[in-house]
Amino acid sequence: MANPSILILPGDGIGPEVMAEVRKIIDWLGTRGIAFDVQEGLIGGASYDAFGVPLSDETLTRAQAVDAVLLGAVGSPKYDGVEYSKRPEAGLLRIRKEMDLYANLRPAQCFEALADFSSLKRDVVSGLDIVIVRELTSGVYFGEPRGIIDDNEGGRIGINTQRYTTNEIRRIARSAFEMARRRNGRVCSMEKANVMESGVLWREEVTKIGAEEYPDVALSHMYADNGLMQLVRNPKQFDVIVTDNLFGDLLSDAAAMLTGSLGMLPSASLGAPMANGRPKALYEPVHGSAPDIAGQGKANPIATILSFAMALRYSFDLGGEADRLERAVERVLADGLRTADLMGPEGGSPISTAEMGDAIIAALDASL
Ligand code: IPM
Ligand code: MG
């Protein structure tokens, strides 16, 4: 049988640096007989510079054909003047949409060694383990009409449309309920049903799927503004949060800070099952391209490495190796090794991106 295939899209900014550390882990697995066929491609500004578009058809075709895509990050102020549809972010939105990766899983776990690094008090975040299930291919990110038009009175109008169909809501609700069944059996759905019809429909459909198909899962609802407040007030009240594309974007950045650093949060974007029964999948850190520190070896590769652990689990049926990798990360943090983003109240001297990768490899070696 052929090796499972991976397409790596390092992207922009710190993307290539953090992805280089994932490559080390792929190579390490290779030395143990767990081999992957790895290809690379361009996305974001890197693709725009080479091909004039942030995602080429050829790269998209390759992404559709592999078992999993690993993405670094996209974006740079360098492209601020470029037309909207050719910006780096448009490449990311296109790959999510064309691969129909509707379920974005963003787990936020607080590693014990980092409980003092959160901007919240230790007892609020210690032991935190929640998952945000963000709808990723619809809502205001993609709704039509959109654009900037003249109002014919000398002004302009910016337009975006929040739009959800019943099927879009039902499938993301099922993803969340399935996730809750594998965890602690609780889903909290967030929308703004108090002001938005799309939120009313969201609440109705999630309620219906819960009652008809997942009566064993405890379902609650919150308005998203209250939900975000609750997330920073008492995040451990949650198990699985399910929400739309935009609210999920906001909630997951906030959730990242609960874990100590945005440099810690992985994500998996999953679509419909492929012929082999595994979902179409793209794995990427929640953080962005951080152009301010790009190329300086300061970036934390852990979010990208933990995203690869999710790939091992969801795309390659290597849950044991995923656990091993997560434990190696935990070990390194417990040993006090920190990249610059993890310089907490006590200060200290940060290690580089590559040193963090090497330390994780050493911890993997030690685990055998
Ligand atoms: C994310 C990012 C993206 C988003 C950007 C880079 C387009 O913030 O994945 O959370 O808004 O979805
Ligand atoms: Mg975001």
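The values are calculated or read from the model by the stated rules, or taken from the named source; none is laboratory data. Just so you know, these numbers come straight off a predicted model, no measurement behind them. Cβ placement follows ideal geometry from the backbone for every residue including glycine, while neighbour counts extend to all protein chains displayed. The accessibility values were calculated without ligands, DNA or RNA, using every heavy atom of the protein model including side chains. Shrake-Rupley method; radii C 1.70, N 1.55, O 1.52, S 1.80 Å.
Using the Karplus relation 6.51 cos²θ - 1.76 cosθ + 1.60 with θ = phi - 60°, the per-residue 3J(HN,Hα) values for region 5-13 come to 10, 10, 10, 9, 10, x, x, 10, x Hz, with x marking Gly and Pro. Net charge near residue 238: determine it from the other residues with C-beta under 15 Å of the C-beta of residue 238, scoring Lys and Arg +1 and Asp and Glu -1. With Lys, Arg at +1 and Asp, Glu at -1, the neighbours total +4.
The length gained by stretching the chain between residue 354 and residue 166 to full extension, at 0.36 nm per residue less their Cα-Cα distance, is 63.1 nm.
Overall, the accessible surface of region 1-58 at a probe of 1.4 angstrom is composed of carbon and sulfur to the extent of 55 percent. You can think of it this way: the chain between residue 274 and residue 100 has 61.5 nm of extra reach, that is 0.36 nm per residue less the Cα-Cα gap. Three principal axis extents describe the C-alpha atoms of region 175-314; from largest down they are 51, 40, 27 Å.
Backbone amide hydrogens, once placed in the peptide plane, bring residue 70 within less than 5 Å of 7, 8, 9, 283, excluding anything fewer than 5 places away on its chain.
Counting only DSSP beta bridges with both residues in region 129-258, the antiparallel share comes to about 25 percent. Taken along the Cα-to-beta-carbon direction at a fixed 7 Å, the label points for residue 234 and residue 2 span 5.2 nm. Sorting 190-200, 7-17 by their mean Cβ neighbour count within 10 Å, with the most densely packed peptide first, gives 7-17, 190-200. For region 129-258, the Cα-based Rg and Dmax, in that order, read 15.9, 57 Å.
Taking a sphere under 14 Å around the Cβ of residue 277 and counting the other residues whose Cβ falls inside, with K and R at +1 and D and E at -1, yields a net charge of 0.
The string of couplings for region 22-36 from the Karplus curve (6.51, -1.76, 1.60, θ = phi - 60°) is 5, 4, 4, 6, 4, 5, 4, 4, x, 5, 9, x, 9, 9, 10 Hz, one whole number per residue in order, with x for Gly and Pro. Based on alpha carbons, the Rg and Dmax found for region 53-136 are 17.5, 49 Å.
For the options 352, 189, 220, a Gaussian network treatment of the chain with springs between C-alpha atoms closer than 10 Å singles out 220 as fluctuating the most.
Note on residue 296 and residue 182: their simple-model spin labels are 3.8 nm apart, each label 7 Å out from Cα toward Cβ. Coupling constants for region 96-102 follow from the phi torsions by the Karplus curve (6.51 cos²θ - 1.76 cosθ + 1.60, θ = phi - 60°), and in residue order they are 4, 5, 5, 7, 6, 8, 7 Hz; glycine and proline get x. Highest average first, the peptides 96-106, 296-306, 127-137 ordered by how many other beta carbon atoms sit within 10 Å of their residues are 296-306, 127-137, 96-106.
Amide H to amide H distances under 5 Å link residue 241 with 131, 132, 133, 188, where only residues 5 or more positions off or on other chains count and H is placed in the peptide plane. In region 284-368, one over the average inverse separation of all distinct C-alpha pairs is 13.6 Å, which is the Kirkwood hydrodynamic radius.
Relative to its residue count, the chain spans a Cα convex hull of 152 Å³ per residue.
In the context of the full set of protein chains, residues of the chain present 42 Å² of accessible surface per residue (probe radius 1.4 Å, heavy atoms only).
Computed packing ranks the peptides 254-261, 81-88, 69-76, 358-365 as 69-76, 254-261, 358-365, 81-88, most packed first, by mean other Cβ atoms within 10 Å. By accessible area, using a 1.4 Å probe on protein heavy atoms only, region 120-249 has 49% of its surface on carbon and sulfur. Calculated on the alpha-carbon coordinates, the convex hull of region 17-167 measures out at 216 cubic angstrom per residue. The stretch between residue 220 and residue 84 holds 45.2 nm of extra length on full extension. This uses 0.36 nm per residue minus the Cα-Cα distance. Charged neighbours of residue 73, selected by a Cβ distance under 9 Å, balance to -2 (K, R count +1; D, E count -1).
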